[in-house]
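So the structure is just underneath, and the comments pick up after that.
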Amino acid sequence: MKRGMGLKVIIVDDESLAILKMETLLREQTEVDIELAGSYMNPLEALAAARREVLHLAFLDIEMPEITGFELANQLLNIQPHIEIVFTTAFQEYALKAFEINALDYLLKPVSPDRLVITLQRIAKAAGELTDRGNEANAIQLNCFRNIHYVDADGTTKSFACRTLKAPEIFAYLLFHHDTIVTKQSLIDLLWPEYDIDKATAQLHTAIYQIRKVLKEAEFELEIKYKDGGYSLLLGDVKLDVEDWESRVKKARPVTADTMGQHLSILSLYKGDYLADHRYTWAEYEQERLRLIWLTHVKQLAEYCLSSEMYTEAMSLYQEIVYRLPYVEDGYLGLMKVYSISNHQLEVRKVYRILCTKLRDEFDVAPSRELTNWYLEWKQSI
């Protein structure tokens, strides 16, 4: 049964027949509730509409005379950063360019009804507007912050227990590459590089067997398939915490008094670094990538609190940055600014000394010129 999602949609195409076709397809589909906010042959009218009201989705033709769909997409995203873009065109070669602009999807003309429904379901799911059935399917969550564990439909946190030492790492690696094929040779090179091929293959088969057995005993609906010389972990409807968190961060509206609660809720979902407890070398890049997304997000929150004279909240957020990233200057500079505004001169000096000591002891370097200049200017001002 569908729910009243009311996704606001616009269509932009320089051909009236193409617009009529898309309007018909949207009206006839029954999976997702759509509110057609407007259809435009003139891209400037579409931009004006985006300035008037919040839109969720834009179907854009790519080949238009006044402005290309790619250019229009960039302008729409400048007005509404969280609008989803779907390009429609008769030319397959535009696909790569479409996804470089972070398009939600790419539809080849003539657009088929089934293909359109898949696209609409993706936008509904991304917006958290799933059908009741979809919500039930997504009740189970698999978590990778700090370590691998899962939360069942009853909200109980559970862990996986594998007998072989390598099985948990194979599971984590397949999960990182979920829904794509990882070759047997890649897994062998990762975990048994010193073994001969026969012994390594036997170890791999044993580990895969153990993973499948543990998943079955846990009644966890994840499937590991063997195909084309490799293994693929199919996530299905199971929700992954790191992907859910990253999606929420990217789709969140700018920090304001009205959205502050939403941002704090998103921040609370970051339970620790990606697979940090497992110390897998191959996961370090992903740890750093997600850590930087977290840093960007928490800085936005802290800077809003600081500019809004919410000094206690700002201090708490900057302290969190220092705690999680003790060798990154952002948290220290933020704390010094808060203490400066609050007229706590000794605390400003203390934070600066702590940073200098950490950087000297760990990297034998001094703080950056930007931070040092701020500190020197502050000293001259007191």
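The values are calculated or read from the model by the stated rules, or taken from the named source; none is laboratory data. Owing to the predicted nature of the structure, the values given are computational and were not obtained by experimental measurement. Cβ atoms come from the backbone with ideal geometry, glycine included; neighbour counts cover every protein chain shown. Surface accessibility is based on the protein's heavy atoms, side chains included, excluding ligands, DNA and RNA. Shrake-Rupley method; radii C 1.70, N 1.55, O 1.52, S 1.80 Å.
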Fraction of accessible area attributable to carbon and sulfur, region 8-96 (%, probe 1.4 Å): 54
Overall dimensions of region 50-92 as given by Cα atoms, namely Rg and Dmax in Å: 10.5, 33
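More than 25 Å apart: what percent of Cα pairs in region 158-301 qualify? Mind showing how you got there, number by number?
Values: 3980 of 10296 pairs.
Result: 39 percent of Cα pairs exceed 25 Å.
Where Lys and Arg each count +1 and Asp and Glu each count -1, what net charge lies around GLN210 among other residues with Cβ under 13 Å from its Cβ?
Numbers: positive: ARG163, LYS166, ARG212, LYS213, LYS216; negative: GLU169, GLU217.
Result for the neighbourhood of GLN210: +3.
Kirkwood Rh over Cα pairs of region 7-46 into Stokes-Einstein at 20 °C, 1.002 mPa s: D in µm²/s?
Numbers: Rh = 10.5 Å.
Rounded to a whole number, D works out at 205 µm²/s.
For region 329-382, divide the Cα radius of gyration by the Kirkwood radius and give the resulting Rg/Rh value with two decimals. Please report the intermediate quantities before stating the final value.
Numbers: Rg = 10.7 Å, Rh = 11.2 Å.
My calculation of the ratio gives 0.96.
What is the magnitude of the charge dipole of region 133-292 about its Cα centre, with +1 placed on the Cβ of each Lys and Arg, -1 on the Cβ of each Asp and Glu, and no other charges, expressed in debye to the nearest 20?
In debye, rounded to 20, region 133-292 gives about 100.
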Residues whose placed amide H lies under 5 Å from that of GLU35, excluding near-sequence neighbours: LEU7, LYS8, VAL9
Antiparallel bridge percentage (DSSP; both residues within the chain; nearest 5): 40
Dipole magnitude of the chain, debye to nearest 20 (Cβ charges: Lys/Arg +1, Asp/Glu -1, about Cα centre): 1040
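Report in % the part of the accessible area of region 217-265 that belongs to carbon and sulfur, leaving out ligands and nucleic acids; probe 1.4 Å. Walk me through the intermediate numbers first.
Values: 1270 of 2810 Å².
Looking at region 217-265 in its full context, I get 45 percent from C and S.
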Under Karplus coefficients 6.51, -1.76 and 1.60, residue-wise ³J(HN,Hα) of region 162-171 in Hz, glycine/proline x: 9, 7, 7, 6, 7, 4, x, 6, 4, 4
P(r) histogram, all alpha-carbon pairs of region 5-97 included - 10 Å bins from 0, percent: 17, 52, 30, 1
Interatomic Cα distance distribution for region 195-270, bins of 5 angstrom, percent: 3, 12, 15, 14, 12, 10, 10, 9, 7, 5, 3, 1, 0
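Leaving ligands, DNA and RNA out of it, rank ILE197, ILE188, ILE79 by accessible area with a 1.4 Å probe, largest first.
Numbers: ILE197 90, ILE188 10, ILE79 55 Å².
These residues rank, largest area first, as ILE197, ILE79, ILE188.
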Two-decimal log10 I(q)/I(0) for region 184-231, as the Debye equation yields it once each C-alpha is a single scatterer, q = 0.15, 0.30, 0.31 Å⁻¹: -0.43, -1.10, -1.13
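For the chain, state the average projected area of the convex hull of the C-alpha atoms over all orientations, rounded to one decimal in nm².
Numbers: hull surface 99.0 nm².
Directional mean of the projected Cα hull area for the chain stands at 24.8 nm².
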Scattering curve values for region 273-345, log₁₀ I(q)/I(0), Debye with Cα scatterers, q = 0.13 Å⁻¹: -0.42
Region 239-250 - phi-based ³J(HN,Hα) in whole Hz, Karplus 6.51/-1.76/1.60, Gly and Pro as x: 8, 9, 4, 5, 6, 5, 5, 4, 4, 5, 4, 5
Pair LEU292, THR206: separation of 7 Å Cα→Cβ label points (nm): 4.0
Heavy-atom surface of the chain, accessible at 1.4 Å and reported per residue (Å²): 55
